[in-house]
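Notes follow the structure.
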Amino acid sequence: MPPISILIIGTPSGPFADKLEHNFSTEHAGNMGTVAALTDERRAAIRGVACVDGTVDAGLIAALPKLEIAANFGVGYDNVDVAAAAARGIVVTNTPDVLTDETADTALGLLLMTVRELSAAERYLRAGRWQAEGAYPLTAGTLRGRSVGIAGLGRIGLAVARRLEGFGVPISYHTRRPRDVPYRHVGDLTDLARQVDTLISLLPGGAATRHLIGDEVFEALGPTGVFVNIGRGSTVDEAALIRALRDGTIHAAGLDVFEHEPHVPAALIDLPNAVLLPHVGSASVPTRDAMGDLMARNLIAWFNDGRPLTPVPETPVPTT
Ligand code: 8YV
């Protein structure tokens with residue numbers, strides 16, 4: 001049997017790149033997922049997509065008449081048009097679990113960096129200012145006495161909450177429905193922001209969550225408020241966040257994700273009370289290898305026996 005043809009979007013690196021090449025006949029598209037360079041015959045033969053970086057939009061799906069599965073590299077899949085996939089019976093898979101701990105670790109690191117100004121303190125030392133000017137100024141912020149709200153208590157949110165237990169801070173969370181967890185549920189996001197002074201967002205991207213966090217939430221969080229975003233940049237009204245940081249509506253923010261990555265507005269970069277990371281939540285070699293391996297195994301499992309390992313709920317797998 002000739003090998004199954006798949007389209008790789010983005011540039012895989014690590015052992016899973018070899019796994020894909022070994023198991024499939026691969027076509028390569030740039031990050032835009034463009035298939036324009038392929039002959040009609042090669043395009044029509046593609047049965048799977050491995051999306052390492054970029055998007056799988058309705059146009060791409062329409063251009064691939066034999067497509068059966070789109071395997072995404074990442075737990076979030078707002079870069080894949082799942083409605084268009086579901087309408088064609090195409091299965092979408094993501095990479096949950098394997099990045100949970102890494103991303104939760106990053107969230108806690110970012111929280112501490114933000115509250116205690118650790119990156120600014122390091123810059124101070126490197127600039128020779130400790131010796132020249134004396135000790136770094138005491139930080140107004142501390143985790144002591146804070147109460148933390150988590151927006152979005154999925155796998156990563158739960159892992160963040162468990163880590164926070166070790167820090168001895170009270171924890172509440174916002175999800176649509178309460179979960180069976182030992183933390184206080186708050187049914188409304190603005191209410192949650194009002195009841196805590198530290199808000200960590202792990203909300204997923206997509207139309208339903210776009211700009212959910214804006215003026216109202218920042219005002220509710222208040223002048224001692226710290227906002228940390230490790231979910232998706234699209235969930236935040238970035239202009240409102242910049243205003244809130246600038247005029248003291250909130251105290252500080254730690255961001256790993258942005259509205260238009262990799263673009264980060266100069267106005268954010270200029271703000272001393274914003275800690276900014278270039279979307280590194282899951283970005284260690286072991287974790288990215290595990291994500292790539294799971295993405296490849298989803299494709300292999302689908303073509304072997306029609307049972308992908310981690311399909312997303314919007315595109316159920318046929319049970320025949
Ligand atoms: C990655 C992520 O940055 O899994 C996700 O949803 O945001 C991150 O782990 C991304 O998937 C890599 O492109």
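The values are calculated or read from the model by the stated rules, or taken from the named source; none is laboratory data. This structure is a prediction, so every number in the text was calculated from the model and none was measured. When we count neighbours, we look across all protein chains shown, and the Cβ atoms used for this are built from the backbone with ideal geometry, even at glycine. Ligands, DNA and RNA are stripped out before the accessible areas are found, and what is left, the full protein with its side chains, is counted by its heavy atoms. Shrake-Rupley method; radii C 1.70, N 1.55, O 1.52, S 1.80 Å.
Side notes on the structure shown:
- Summing Lys and Arg as +1 and Asp and Glu as -1 over all other residues whose Cβ lies under 15 Å from the Cβ of Gly187 gives a net charge of +3.
- The GluC sites (Glu not before Pro) of region 237-320 meeting both criteria, a DSSP state outside H, G, I, E and B (loop) and at most 15 other C-beta atoms within 10 angstrom of the site's C-beta, are Glu314.
- Sequence-separation-based contact order of the chain, relative, with Cα cut under 8 Å and 6+ spacing, percent: 18
- Averaged per residue, the chain has 48 square angstrom of accessible surface, using a 1.4 angstrom probe with ligands and nucleic acids left out.
- Near Ser25, the amide H atoms lying under 5 Å from its own belong to Ile4, Ser5, Ile6; only residues 5 or more places off or on other chains count, and H is placed 1.01 Å from N.
- For the chain, the membrane-span-like helices by this rule, meaning whole DSSP H stretches whose C-alpha atoms cover at least 18 Å of axis and whose Kyte-Doolittle mean is -1.0 or above, are 100-115, 285-305; this says nothing about an actual membrane.
- Here the simple spin-label model places points 7 Å from the Cα toward Cβ, and for Thr11 and Ala86 these points are separated by 3.5 nm.
- Taking the protein heavy atoms of region 100-276 in the context of the full set of protein chains, the accessible area attributed to carbon and sulfur is 52 percent at 1.4 Å.
- The protection proxy used here, the mean number of other Cβ atoms lying within 10 Å of each residue, ranks peptides 173-183, 277-287 as follows, highest first: 277-287, 173-183.
- Proximal charge balance of Asp97 [Cβ under 13 Å; K/R count +1, D/E count -1]: -1
- Rounded to the nearest whole angstrom, the semi-axes of the ellipsoid equivalent to region 11-163, taken from the Cα gyration tensor as √(5λ), stand at 44, 20, 13, largest first.
- Modelled label reach - Ala283, point 7 Å along Cα→Cβ, region 100-142 residues with backbone N closer than 14 Å: 103, 106-107, 110
- Region 162-320 - percent relative contact order, Cα under 8 Å, separation 6 or more: 14
- Chain lengthening between Arg116 and Arg155 when straightened (0.36 nm per residue, less Cα-Cα): 11.4 nm
- In a simple Cβ point-charge model (Lys, Arg +1; Asp, Glu -1; nothing else charged), the chain has a dipole of about 500 debye relative to its Cα centre.
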